[in-house]
Structure formats: structure tokens, C-alpha cells
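All remarks here apply to the structure that follows.
Read-outs: derived from the displayed coordinates by stated rules, not from any lab. All values derive from a computational prediction rather than experimental measurement.
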Amino acid sequence: MAMPPASPWSHAAHCMRQRVDAAMDHMADVIKDALLDGLELADDDDVPAAPVVPLSPDEFVEQMRPRVERAMRQVAQILNDAPYESPAATEEATGEVFSELWLEALTVAARARLDATLAEQLPEVPSPEGEWARRYRRMRADDPE
């Protein structure tokens, strides 16, 4: 018995999973780079747990407005490119646009909350130059292992 074709939503979920995995890998690299550049982390006992600052809906909307408008224009273009097909036939393409928008919205929201929390809780200190870390990463990239 032949397997039915995968639904557009399963494809969209698969694409979303790949993007989330890529974002997690990127986040791990950012943390590793921060540690290499001299970010010092205190013991968990010394640092009280502080809540993350809530997201400002107005600022979030303003930050996302250009991206949302671009996504809506992409959906309109997809629908216009297939005038004789039902909207269900364009479900995969439009689903990808919305999954990209959703991931970007999560990223923008997390970054905004983290920036606001850090600005509220950390004193102003100059960031480390990190030249040795850049050299080290360059050296590691050149090393074939």
C-alpha cells in the first residue's frame, strides 16, 4: 500500500524544526563566544533568580511591523501567483512564510526582554575587546583537525 504524501503542515513543521535547531546552534555559539571573550558567570548560589522584564506590546509591535507587512505581501504574492488554485493548494508556501514570521517574532521578543532585563539589572561596564578570542576562533577554523 502506497504511503499518502506528507501534508503541507508536516513539511512546515519539519522546516520549523530545522530553523529552531539552527537557532539553538547559533545561541550556543553566542554563549561560547561570550565565555571565551571573558564573560564571568557567578555561582548559582550567589546570584538570586530575577524575573525577566515583561515584553512591551507597543515596542514589540513597532519592531515587528515591517516584517509582518513583508510577510503579508509575500502571502499575497503567493496567492496571486496561483489564481486558479484553491488557497489549500498554496498552504505549504504560505505556511513557510508564517513559520518564518513566528520564529522571528519569538527571536525579537526574547531579545527585547533580555536586553531590557540586562539594562535594568547590570551596571554599565565596557564590553571586553575579545581580540584573543577572535584570533583563537580564526586559528581553530584554519585547523583541519
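Some values worked out for this structure:
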{"item": "Anisotropy class of region 58-126 from Cα gyration tensor, a/c 1.5 cut", "result": "prolate"}
{"item": "Full-stretch length increase - ASP33, ARG135 - with 0.36 nm per residue and alpha-carbon distance subtracted", "result": "35.5 nm"}
